[in-house]
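J.: Quick one: this structure, given as structure tokens, is what I'll be asking you about.
The values are calculated or read from the model by the stated rules, or taken from the named source; none is laboratory data. The structure presented is a predicted model; accordingly, all values stated were derived computationally and were not measured. Ideal geometry is used to build each Cβ from the backbone, glycine not excepted, and the neighbour counts take in all protein chains shown.
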Amino acid sequence: MRILLSSLVLVASFTLFACEGRPPEVVAVPVAAVGDPYGDSDCNLQTKLVEGIPGSPGHLVASTRNPNGDSELALLMRRFVDDLRTVRPLLEAGQPVDKLWPIHHRMRCAWPTRPEERTEQYDLRAQGYLLAVRAFDEAPGRDTYNGIIAGCIACHSVSCGGPIEFIGSMKWE
């Protein structure tokens, strides 16, 4: 377990910074001090997905944006975009923002468009993204916001590359 957690932290660090062309920062943290770093007991790769809910296979959610329907994960990612569009101007104005983790961590137990893509590799990338979300929640600002954007791009560089240009446009310069 200790080796697995250390590996997850290293993979997540690499995933977050690989697209920015800089090496990951490696920090040794005793596993006992970390506890449950992902707060994932309610939502993780082992969580059984519920069939028949909106966004599950055969029950896609149609909208004016996508009349063919979206998966639960696609809808959740659109919510992430809305959340980021909301927090950035608040931060620029020096106002407090709501924490993102309560909603964003659900990406690990949401139906993807192609269920076969819910794999260990996807889950590791999701955990890397969620590390950036937690960093943002603990210290909201330009750098941690851009860490979230980097996490999105890192994952979409491997799977579903269509929105990469759009995601890149959300970077806070």
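J.: Of all residues in the range 32-49, how many are modelled with pLDDT under 75, part of a loop (DSSP other than H, G, I, E, B) and surrounded by 10 or more Cβ atoms within 10 Å (Cβ to Cβ)?
T.: Number of matching residues: 3.
J.: Filtering the range 46-95 down to residues that are more than 21 Å from the chain's Cα centre (by Cα) and in contact (Cβ under 8 Å) with a residue 40 or more places away in the chain, which residue is farthest from A135 (Cα to Cα)?
T.: It comes out as P57.
J.: Within the range 108-121, does at least one residue satisfy the condition of being in contact with a helix residue (DSSP H, G or I) (Cβ under 8 Å, 6 or more places away or on another chain) and either among the acidic types (D, E) or without any contact (Cβ under 8 Å) to a residue 40 or more places away in the chain (or both)?
T.: no
J.: How about the range 55-95: which of its residues are among the small types (G, A, S) and closer than 15 Å to R106 by Cβ?
T.: G55, S56, S71, A74
J.: Within the range 67-82, restricting attention to residues that are at pLDDT below 95 and of a type in the set (D, E, K, R), which residue is farthest from A154 (Cα to Cα)?
T.: This residue is D70.
J.: Of all residues in the range 80-120, how many are outside any loop (DSSP other than H, G, I, E, B) and among the basic types (K, R)?
T.: Number satisfying all stated conditions: 4.
J.: Look through the range 97-142, keep the residues that are aromatic (F, W, Y) and over 18 Å from L49 (Cβ atoms), and return whichever of them is surrounded by the fewest Cβ atoms within 10 Å (Cβ to Cβ).
T.: This residue is W101.
J.: May I pose another question? Counting only residues that are surrounded by fewer than 13 Cβ atoms within 10 Å (Cβ to Cβ) and either among the aromatic types (F, W, Y) or modelled with pLDDT of 90 or more (or both), how many does the range 50-66 have?
T.: So the answer is 6.
J.: Quick one: how many residues across the range 132-150 are outside any helix (DSSP H, G or I) and small (G, A, S)?
T.: Qualifying residue count for the region: 2.
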